[in-house]
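A.B. asks: Quick one: the structure is below, and I'll ask about it shortly.
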Amino acid sequence: GETVKKEVDEFRPKVPLMVALRKEGMKERHWEQISELMGFPVAPGEGFNFAKVLELGLMKNVDQIVEVGERASKEYGIEVMLNNMISAWDNIVFELLPFKNTFILKGYDEIGAVLDEHMVNTQAMTFSPFKKPFEEKLMNWNSKLLLMSNILEEWAKCQGQYMYLQPIFDSPDIAKQLPVESKKFKAVDATWKSCINNVKVHRFNVLEVCSIEGLYEKLVEANNSLEMIQKELNNYLEKKREAFARFYFLSNDELLEILSETKEPTKVQPHLRKVFENIHKIEFDEFKIIHSMFSGEGEQVKFLKPINPNNKNVEYWMGDVEEMMKLSVREVLLNAIQDYPKR
């Protein structure tokens with residue numbers, strides 16, 4: 001027992017050296033540092049075991065060598081984490097959903113969650129005192145993540161605006177009334193489709209798609225255009241409301257629905273209730289001439305004179321309906337008063 005105890009006690013101080021040299025991440029550069037400390041080449045190879053290490057006298061510099069091992073281990077930790085993050089993006093892909101005659105991206109959130117986590121980790125690594133050997137790779141990765149984050153933010157913003165405006169400018173009526181904006185929207189539409197095409201070409205891989213030269217600038221430009229289009233669209237709706245104040249009772253979407261169907265006056269029917277207190281529907285003949293109005297209860301009031309809405313802007317012929325509604329109700333009331341004594 002004595003002998004074993006003695007051997008253990010003797011071996012104990014050598015353990016840190018053994019542990020240091022066995023650290024994961026001991027690379028050529030670390031063996032060079034050890035060789036420098038010793039003043040002669042030390043490198044693992046054929047027959048390089050712990051007995052050999054002791055024979056070379058590495059115990060003399062045990063503290064510095066332990067430090068080298070620690071540094072190697074910390075550097076290795078950074079390298080592994082960095083490589084794991086990079087390779088994780090091999091499997092992160094965009095999903096597309098059909099939308100009108102193109103596609104949109106599904107779910108920015110899951111991609112965003114991984115991206116945020118990686119950005120936090122990468123930021124932390126850039127402050128590590130052990131980053132030196134991978135500094136360039138780390139900085140490149142950091143700027144890639146940043147670019148990806150900016151692209152996805154612009155893309156999501158673009159998608160929202162695009163989905164709202166696409167059906168609007170799909171209407172020939174609106175396109176005709178807003179020719180400049182319509183042309184601008186066509187350009188954005190082309191940009192959108194080329195972005196979606198890039199997604200397909202690059203196997204839906206998020207990192208690959210976001211590394212495309214000039215993609216970020218393209219999306220920013222599209223967003224600026226969409227903002228200008230939206231602004232002009234709002235001005236256009238405001239003008240229509242100024243011409244026919246009851247349009248203030250409608251949301252933009254409802255008003256656009258009416259305006260995008262100017263060739264078809266009968267399409268206004270579903271919105272009448274919101275514009276007028278109790279006109280439930282109006283009576284059109286086969287030439288789309290208006291002859292009377294019906295209340296929610298189905299009561300019919302004939303118009304004094306028929307109204308022709310054809311080839312007229314909706315804000316004007318609805319103004320005519322409003323006028324005629326007042327005149328016709330007044331006429332009915334007058335008849336009622338005159339009829340009262342007779343009955």
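A.B. asks: Rounded to whole Å, give me the distance from the Cα center of the stretch 53-72 to that of the stretch 186-226.
C.D. replies: Distance between centres, Cα-based: 54 Å.
A.B. asks: I've got another one for you. Quote to one decimal, in nm, the extra length available between residue 330 and residue 246 on full extension: 0.36 nm per residue of separation minus the C-alpha distance between them. Intermediate results must be reported in sequence, preceding the final value.
C.D. replies: Working: separation 84, 0.36 × 84 = 30.24 nm, distance 2.04 nm.
Additional length available on full extension: 28.2 nm.
A.B. asks: So, one more: What figure in square angstrom, to the nearest 10, would you give for the accessible area of residue 139 with a 1.4 Å probe?
C.D. replies: 80
A.B. asks: Additional query: Across the Cα atoms of the chain, what radius of gyration and what greatest pairwise Cα-Cα distance (Dmax) are found, in Å?
C.D. replies: For the chain, the Cα-based Rg and Dmax read 38.3, 137 Å.
A.B. asks: Hey, another quick one. Suppose every K and R has +1 on its Cβ and every D and E has -1 on its Cβ; what is the size of the dipole of the stretch 138-240 about the Cα centre, in Debye to the nearest 20?
C.D. replies: Computed charge dipole of the stretch 138-240: roughly 200 debye.
A.B. asks: Hey, another quick one. When the Karplus curve 6.51 cos²θ - 1.76 cosθ + 1.60 is applied with θ = phi - 60°, which whole-Hz ³J(HN,Hα) does each residue of the stretch 235-243 get, with x for Gly and Pro?
C.D. replies: Each residue's phi maps through the Karplus curve to give 4, 4, 5, 4, 4, 5, 6, 5, 6 Hz.
A.B. asks: Return the loop-located chymotrypsin sites (Phe, Trp or Tyr not before Pro) in the stretch 39-133 (DSSP other than H, G, I, E, B) with at most 13 other Cβ atoms within 10 Å of their own Cβ; answer none if there are none.
C.D. replies: Of the chymotrypsin sites (Phe, Trp or Tyr not before Pro), the ones in loops of the stretch 39-133 whose Cβ has at most 13 other Cβ atoms within 10 Å are 48, 127.
A.B. asks: Can you give me the long-range amide H partners of residue 95? Hydrogens built in the peptide plane at 1.01 Å from N, cutoff under 5 Å, separation of 5 or more residues or another chain.
C.D. replies: Distant-sequence amide H within range of residue 95: 106.
A.B. asks: Another question, then. Mind ranking 196, 337 by accessible surface for me, highest first, 1.4 Å probe?
C.D. replies: 337, 196
A.B. asks: Counting Lys +1, Arg +1, Asp -1, Glu -1, what net charge surrounds residue 215 among other residues with beta carbon under 15 Å of its beta carbon?
C.D. replies: Around residue 215, the charge tally is -1.
A.B. asks: Then there is this: Let me know the charge dipole size of the chain about its Cα centre in debye, to the nearest 20, where only the beta-carbon of Lys, Arg (+1) and Asp, Glu (-1) is charged.
C.D. replies: 720
A.B. asks: Solvent-accessible area of residue 321, probe 1.4 Å, all protein chains present, reported in Å² to the nearest ten, please.
C.D. replies: 0
A.B. asks: At a 1.4 Å probe radius, which order do 253, 173 fall into by accessible area, largest first?
C.D. replies: 253, 173
A.B. asks: Same structure, new question: So what is the calculated 222 nm ellipticity per residue for the chain, using -39500 (n - 2.57) for each DSSP H run with n of 4 or more, over all residues, to the nearest 500 deg cm²/dmol?
C.D. replies: After summing the helix terms and dividing by residue count, I get -21500 deg cm²/dmol.
A.B. asks: Name the residue farthest towards the positive end of the dipole of the stretch 206-258 from the options 230, 206, 255, assuming +1 on Cβ of Lys and Arg, -1 on Cβ of Asp and Glu, about the Cα centre.
C.D. replies: It is 255, whose Cα lies furthest towards the positive end.
A.B. asks: Considering only protein heavy atoms, with the full assembly of protein chains and a 1.4 angstrom probe, order 3, 122, 266 by accessible area, largest first.
C.D. replies: Values: 3 95, 122 0, 266 45 Å².
Ranked list, largest accessible area first: 3, 266, 122.
A.B. asks: With label points built 7 Å along Cα→Cβ from the Cα atoms of residue 46 and residue 285, find their separation and express it in nm.
C.D. replies: Result: 11.1 nm between the two label points.
A.B. asks: Further question: What is the local net charge at residue 252, summed over the other residues whose Cβ is closer than 11 Å to its Cβ (Lys, Arg +1; Asp, Glu -1)?
C.D. replies: Here the count lands on -2.
A.B. asks: Next up: Suppose we keep just the alpha-carbon trace of the stretch 159-296; what are its Rg and Dmax in angstrom?
C.D. replies: 19.9, 63
A.B. asks: With every protein chain left in place, what is the accessible area of residue 115 in Å² (1.4 Å probe, nearest 10)?
C.D. replies: 10
A.B. asks: Please list 3J(HN,Hα) in residue order for the stretch 205-217, calculated via the Karplus relation 6.51 cos²θ - 1.76 cosθ + 1.60 where θ = phi - 60°; whole Hz, with x for glycine and proline.
C.D. replies: Each residue of the stretch 205-217 in turn: 6, 4, 5, 5, 4, 6, 8, 5, 4, x, 5, 4, 4 Hz.
A.B. asks: Past the 18 angstrom mark, what percentage of all C-alpha to C-alpha distances in the stretch 220-322 do you count?
C.D. replies: Value for the stretch 220-322: 51 percent of Cα pairs lie more than 18 Å apart.
The values are calculated or read from the model by the stated rules, or taken from the named source; none is laboratory data. Predicted model only: the values in this text are computed from it and were never measured. Cβ coordinates were reconstructed from backbone atoms using ideal geometry, including for glycine residues, and neighbour counts include every protein chain displayed. Note: accessible area is taken over every heavy atom of the protein model, side chains too, but ligands, DNA and RNA are not part of it. Shrake-Rupley method; radii C 1.70, N 1.55, O 1.52, S 1.80 Å.
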